[in-house]
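Undergrad: If you scroll down you'll find the structure; I have some questions about it.
The values are calculated or read from the model by the stated rules, or taken from the named source; none is laboratory data. Computed from a predicted structure; not experimentally measured. Heads up, the Cβs are rebuilt from the backbone with ideal geometry, glycines too, and the neighbour counts pull from every protein chain shown.
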Amino acid sequence: MTEPTLRPGIAERLSLMIRLPTVSAELAQRGMGPFEDFVALIRELYPRVHEHLELTRHTDLGLLFRWRGRRTAADGPLVLMAHYDVVPVDESDPWTYPPFEGRIADGWVYGRGTLDDKGPLIVILEAVESLLAEGFQPARDVCLSFGGNEETYGAAAREIAASFRDSGEIPWLVVDEGGAVIDAPLPFVTGDAAMIGVAEKGVLTVTLSARGEGGHASAPPPMTAVRRIARALYRLNARTFPPRTPKAVSGMLRVFAARANGPGRPLYRILAAWPWLAGRVFARMGGETAAFVRTTVAATMTSGGTAVNVLPSQAGATVNLRLAIGETVAGTVTRVRRRIADDAVTVTVDEGDDPSPESASDGAPFALLAAAVHASYPEAAVVPYIMMQASDARHFHRFSPAVYRFAPLRMSAAQRAGIHGVDERVEVASLEQGVLFHRALIQRLE
């Protein structure tokens, strides 16, 4: 396969996308304008995609493009997913460049959405546009599923997925955002690793609420509403849920054992062979490592009180949980209530999705992903893992067996910290490698 000549100007096109503040959480304030402007922009930037692919709209914010392949639709399409909405920006944060300017500097594009998820979206469009220019037709149908409200629970992608399910069409392979190409993923492991999410943790948001005796703060009762909520949050600690080691984590450890040096090689080999031990070790390490094997609990918002010297008669807290593989929403809520052990605290479920099942890492779809990785990042090891965030892919994973989460971009630890944070940015060279990944993925379909 000859090395393709990529269309120049990808950084400038991404910059134009970044300038549109498609903040789904601020839809009521900003209106639909930025979202419709984004749809118009990709029509302008990718004329061949709009000429040759069929576009259907799902809700106001869902776009589904279908590129007809040589085989029948019954063989199952390739579905490439991304979202074009972004999270809000705290204007007081110290960004190097304004977050919606789309500044191009020193080989990087800066701005909200460069990694999450307009960067991964643009490399899909670039690959398809370039293949169309060469007169290429894929073996299977290729569907591009772009949602405009992934950051606010993904109603658009939910409906797009439902359109496949209701018609009885099961995708052969679904690829959404998730893992990336990272360096030195664990201690004693060197080199690049393409982390491919074979499953994602579930998500659950609950509200804790309690009422208590109000009055003057100078004479508080033994148990106020605020104290009751504080005690409940204290009881929901890291030990609330036992560790579980999914198959994907054992597979990840096997790959790392082969690439580790020093004590890492025997350590990872032992942990891969003994999942119960890996769960305990990871849980004790805390942070991101513990999150691979345990349901996490994070209090994210609290409420209560109207004045500094008044006891509030009611208080509340919002708790966000990410459910480990093997847990369920119903079982998690039961455990939360049992752990709080206070009938005066009401636990209300605001939103919840069970964890996805694990897709296979030894079948033809995963092998195709690995081949596309080797075509774009030749030195990277292909590693299965569990994605800790929620993605639009979960709507397909309820009925489609081959769903994976991988953004074919290089992301350092500092870059990953910029996702939903400050100075989100992507390297232009990595965007070009992302285009090569998707070209290889589409060209090698059978």
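Undergrad: Would you point out which residue out of Ala184, Ala210, Ala180, Ala157 is hydrophobic (A, V, I, L, M, F, W, C) and within 18 Å of Glu351 (Cβ to Cβ)?
TA: Working: Ala184 fails: within 18 Å of Glu351 (Cβ to Cβ); Ala210 fails: within 18 Å of Glu351 (Cβ to Cβ); Ala180 fails: within 18 Å of Glu351 (Cβ to Cβ).
Unique residue meeting the criteria: Ala157.
Undergrad: If Pro88 meets every condition in (1) within 25 Å of Phe406 (Cβ to Cβ); (2) under 20 Å from the mean Cα position of the chain (by Cα) apart from one, which number is that one?
TA: Here Pro88 meets the rest and fails (1).
Undergrad: Also: Which members of the range 219-264 meet the condition of being touching a helix residue (DSSP H, G or I) at 6+ places or on another chain (Cβ under 6 Å) and farther than 30 Å from Arg335 by Cα?
TA: Within the range 219-264, Arg254, Phe256, Ala257, Ala260 qualify.
Undergrad: Read through the list (1) touching a helix residue (DSSP H, G or I) at 6+ places or on another chain (Cβ under 8 Å); (2) at pLDDT below 95, then give the number of the only condition that Leu271 fails.
TA: For Leu271, the failing item is (2).
Undergrad: Here's something else I'd like to know. I'd like the full set of residues that are under 28 Å from the mean Cα position of the chain (by Cα) and surrounded by 17 or more Cβ atoms within 10 Å (Cβ to Cβ), limited to the range 338-354. Can you show your working first?
TA: First, the residues of the range 338-354 that are under 28 Å from the mean Cα position of the chain (by Cα): 347-354.
Listed by number, the residues that qualify are Gly352, Asp353, Asp354.
Undergrad: If only one of Ala210, Ala238, Ala199 is under 30 Å from Arg338 (Cβ atoms), more than 26 Å from the chain's Cα centre (by Cα) and either crowded, with 16+ Cβ neighbours inside 10 Å or of a type outside the set (S, T, N, Q) (or both), which one is it? Spell out the reasoning first.
TA: Numbers: Ala238 fails: more than 26 Å from the chain's Cα centre (by Cα); Ala199 fails: more than 26 Å from the chain's Cα centre (by Cα).
One residue alone meets the criteria, Ala210.
Undergrad: One residue is enough: does the range 289-306 have a residue meeting the conditions basic (Lys, Arg) and assigned to a loop (DSSP other than H, G, I, E, B)? Full working, then the answer.
TA: If we filter the range 289-306 for residues that are basic (Lys, Arg), which is where we start, we get 294.
Remaining after also requiring assigned to a loop (DSSP other than H, G, I, E, B): 294.
Yes, the conditions are met somewhere in the range 289-306.
Undergrad: Anything in the range 148-184 that is among the small types (Gly, Ala, Ser) and more than 15 Å from Asp60 (Cβ to Cβ)? List them, or say none.
TA: Within the range 148-184, the first condition is being among the small types (Gly, Ala, Ser), and the residues that meet it are 148, 154-157, 161-163, 167-168, 178-180, 184.
Those that are among the small types (Gly, Ala, Ser) and more than 15 Å from Asp60 (Cβ to Cβ): Ala161, Ala162, Ser163, Ser167, Gly168, Gly178, Gly179, Ala180, Ala184.
Undergrad: Let me ask another. Taking the range 307-342 on its own, how many of its residues are in contact (Cβ under 8 Å) with a residue 40 or more places away in the chain and outside any strand (DSSP E or B)?
TA: Here is the first cut: in the range 307-342, the residues in contact (Cβ under 8 Å) with a residue 40 or more places away in the chain are 308-329, 332-333, 335-336, 339-342.
Keeping just the survivors that are outside any strand (DSSP E or B) gives 308-309, 312-313, 324-329, 332-333, 335-336, 339-342.
Of the residues in that region, 18 qualify.
Undergrad: Considering only the range 182-210, how many residues are on the phi > 0 side of the Ramachandran plot and small (Gly, Ala, Ser)? Lay out the reasoning, then the answer.
TA: Just the residues of the range 182-210 that are on the phi > 0 side of the Ramachandran plot, to begin with: 184, 188, 191.
Pick out the ones that are also small (Gly, Ala, Ser) and you get 184, 191.
Summing the residues that are on the phi > 0 side of the Ramachandran plot and small (Gly, Ala, Ser) in the range 182-210 gives 2.
Residues are listed down the side, and each one gets a yes or a no for (1) more than 28 Å from Ala440 (Cα to Cα); (2) among the hydrophobic types (A, V, I, L, M, F, W, C); (3) surrounded by fewer than 17 Cβ atoms within 10 Å (Cβ to Cβ):
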residue: Thr56; (1), (2), (3): no, no, yes
residue: Asp75; (1), (2), (3): no, no, yes
residue: His83; (1), (2), (3): no, no, no
residue: Leu131; (1), (2), (3): no, yes, no
residue: Glu134; (1), (2), (3): no, no, yes
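Undergrad: If you don't mind, another one. Among the numbered criteria (1) surrounded by fewer than 19 Cβ atoms within 10 Å (Cβ to Cβ); (2) under 25 Å from Pro98 (Cα atoms), which single criterion is violated by Arg444?
TA: Going through the list (1) surrounded by fewer than 19 Cβ atoms within 10 Å (Cβ to Cβ); (2) under 25 Å from Pro98 (Cα atoms), Arg444 breaks only (2).
Undergrad: Something else about it: Residue pairs, Cβ under 9 Å, 6 or more apart or interchain, first in the range 116-142 and more than 21 Å from Arg425 (Cα to Cα), second at pLDDT below 95 and outside any loop (DSSP other than H, G, I, E, B). List them.
TA: Qualifying pairs under 9 Å: Ala139/Asp75; Arg140/Ala73; Arg140/Asp75; Asp141/Ala73; Asp141/Asp75.
Undergrad: If we scan the range 152-165, do we find a residue that is part of a loop (DSSP other than H, G, I, E, B), charged (D, E, K, R) and surrounded by fewer than 18 Cβ atoms within 10 Å (Cβ to Cβ)? It would help to see each step written out before you state the result.
TA: Just the residues of the range 152-165 that are part of a loop (DSSP other than H, G, I, E, B), to begin with: 153-154.
Add one more test, that the residue is charged (D, E, K, R), and what stays is none.
The answer is no; no qualifying residue exists.
Undergrad: Which pairs do you get when a residue that is assigned by TED's automatic domain parsing to the domain that holds Leu64, found in the range 146-163, comes within reach of a residue that is part of a loop (DSSP other than H, G, I, E, B) and of a type in the set (Phe, Trp, Tyr), reach meaning Cβ atoms under 6 angstrom, with the pair 6+ apart or on two chains?
TA: The qualifying pairs are Phe146/Tyr84; Gly148/Tyr84; Ala161/Phe396.
Undergrad: With the structure loaded, tell me whether Ala105 is within 28 Å of Leu436 (Cβ to Cβ), without any contact (Cβ under 8 Å) to a residue 60 or more places away in the chain and of a type in the set (A, V, I, L, M, F, W, C) or whether it fails that test.
TA: On the way: within 28 Å of Leu436 (Cβ to Cβ): yes; without any contact (Cβ under 8 Å) to a residue 60 or more places away in the chain: yes; of a type in the set (A, V, I, L, M, F, W, C): yes.
It is true that Ala105 is within 28 Å of Leu436 (Cβ to Cβ), without any contact (Cβ under 8 Å) to a residue 60 or more places away in the chain and of a type in the set (A, V, I, L, M, F, W, C).
Undergrad: For the range 355-389, which positions are surrounded by 21 or more Cβ atoms within 10 Å (Cβ to Cβ), within 15 Å of the chain's Cα centre (by Cα) and not in a strand (DSSP E or B)?
TA: Matches in the range 355-389: Pro355, Ser356.
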